[in-house]
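Participant: I have a structure I would like to understand better, so I am pasting it below and will then ask my questions one at a time.
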Amino acid sequence: MTTFDDREKAFENKFAHDQELEFRIQARRNRLLGEWAAVKMGLTPEETDAYAKAVVQADFEEAGDEDVIRKLVGDMTSAGVDIDEAGVRTALDEQAVIARRQFIEVQ
């Protein structure tokens, strides 16, 4: 193999690693966001775990965060929580920071 081939392979490996890490951070963020929303809705610990998993699954519906935001706003409004889209977006950003920090501490 040439030096160019080695560099190309190294860049491909780094890209794959970065993409996997970003996916894991986003999934952790969504789980934390689901737990945050569950507390606001007054769910039991068992319901909280199931709800957090449902929020993670909701992110697979479409690209971006809109599917998660839509789910949380709808669920929280139905549960009588006074929240709007901006409030959920703020919480999403806060949980993203926490999730990223958790992954940095592990590595």
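Please treat every number below as a calculation from the coordinates, not as lab data. In this text, all values refer to a predicted model and were calculated from it rather than measured experimentally. All Cβ positions, glycine included, derive from the backbone under ideal geometry; neighbour counts span all protein chains shown.
Participant: Which of (1) part of a helix (DSSP H, G or I); (2) over 19 Å from Val97 (Cα atoms) does Phe60 not meet, given it meets every other one?
Facilitator: Looking at each condition in turn, Phe60 falls short on (1).
Participant: Take Phe4 and tell me if it is closer than 22 Å to Phe103 by Cβ and either surrounded by 13 or more Cβ atoms within 10 Å (Cβ to Cβ) or out of contact with any strand residue (DSSP E or B) (no Cβ under 6 Å at 6 or more places or on another chain) (or both). Before you say what the answer is, go through the steps one by one.
Facilitator: Working: closer than 22 Å to Phe103 by Cβ: no; either surrounded by 13 or more Cβ atoms within 10 Å (Cβ to Cβ) or out of contact with any strand residue (DSSP E or B) (no Cβ under 6 Å at 6 or more places or on another chain) (or both): yes.
No.
Participant: I would also like to ask the following. Of these, Arg70, Arg7, Arg28, which one is in a helix (DSSP H, G or I) and in contact (Cβ under 8 Å) with a residue 24 or more places away in the chain?
Facilitator: It is Arg28.
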